[in-house]
1. I'd like the Karplus ³J(HN,Hα) series for the stretch 132-142: coefficients 6.51, -1.76, 1.60, θ = phi - 60°, whole numbers in Hz, and an x wherever there's a Gly or Pro.
2. Kindly flag which residue pairs out of Lys28/Lys147; Lys112/Lys165; Lys16/Lys147; Lys70/Lys147 have an alpha-carbon separation exceeding 22 Å in this structure.
3. What percent does the relative contact order of the stretch 1-85 come to when contacts are Cα pairs within less than 8 Å and at least six residues apart?
4. Measuring from the lowest to the highest alpha carbon on each principal axis, how far does the stretch 114-158 reach, largest first, in angstroms?
5. May I ask you to give the average projected area over all directions of the convex hull of the Cα atoms of the chain, in nm² rounded to one decimal?
6. If you average the sequence gap of Cα pairs under 8 Å that are 6 or more apart and divide by the length of the chain, what percent do you get for the contact order?
7. Which residues' amide hydrogens lie under 5 Å from the amide hydrogen of Phe54, considering only partners 5 or more residues apart or on another chain, with H built in the peptide plane?
8. Let me have the 222 nm mean residue ellipticity of the chain computed from DSSP H runs of 4+ only, each contributing -39500 (n - 2.57), with the sum over all residues rounded to the nearest 500.
Amino acid sequence: MTIYHRIYQQIMQSPKGFFSEDELDLMKVAYRAAFSWCIPTEEIFTLLSMYSPFVEVGAGSGYWAWEMRKRGIKVTAFDCLSNYLDSADNQQSWINDICRAYAGYHTGRDSKNSTLLIVSPQYRGEMAYDALNAHKGKHFVYVGTPKIEMNCGDKFAAMLEQEYKPLCFSEIPNWPGDDNMCFIYERMDKKGV
């Protein structure tokens, strides 16, 4: 079981009323900052292991990459935002080799043979679109709300619909009010099949 999933489970299995809604909201914010917006599970990593190696764009603190590497899943993590990488009073970085790069720069030597992973991308930012546009590999994994166009923008949603077909999805644990899931897509050939 992942560290984050274990903590989440302990909190959510507490007796009803043990934590107030305000306390749960504070924990949600704190644990998202320390770990990730999305809670990974062993089942998700078993599923993802079939699509290794990965390029994770928007890796934040590197928590997903750290958990994946512990399980032997190859992943290169990219994040152009410096808040995880520079600030002395910030959240911890889980790995020490997060590449500082803009989302479109991950198309280097292994891009064609890698699966793109985006976990809870910046709301309405261009990062998800730029990463998907630059991606040359066959598979793409998106972890976040199923309201993709709301979270990633219309351009991203249109490209995803035109160039990829959904292979499968899996539910993940969610904090109250969240609806995150894991979606795996495969690039369609030129005929759309």
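The values are calculated or read from the model by the stated rules, or taken from the named source; none is laboratory data. Values in this document were obtained by computation on a predicted structure and should not be read as measured data. All accessible areas refer to the heavy atoms of the entire protein, side chains included, with ligands and DNA or RNA removed. Shrake-Rupley method; radii C 1.70, N 1.55, O 1.52, S 1.80 Å.
1. 5, 5, 7, 5, 10, x, 7, 10, 9, 10, 10
2. On the way: Lys28/Lys147 20 Å; Lys112/Lys165 18 Å; Lys16/Lys147 30 Å; Lys70/Lys147 30 Å.
Table pairs above 22 Å Cα-Cα are Lys16/Lys147; Lys70/Lys147.
3. Working: 67 pairs, mean separation 23.3, N = 85.
Rounded, it is 27 percent for the stretch 1-85.
4. Here the Cα extents, ordered largest to smallest, are 26, 17, 16 Å.
5. Numbers: hull surface 44.2 nm².
Averaged projected hull area, Cα only: 11.0 nm².
6. Working: 335 pairs, mean separation 35.5, N = 193.
Relative contact order of the chain: 18 percent.
7. Lys74, Val75, Thr76, Thr115
8. On the way: 8 runs with 66 residues, N = 193.
Calculated mean residue ellipticity at 222 nm is -9500 deg cm²/dmol.
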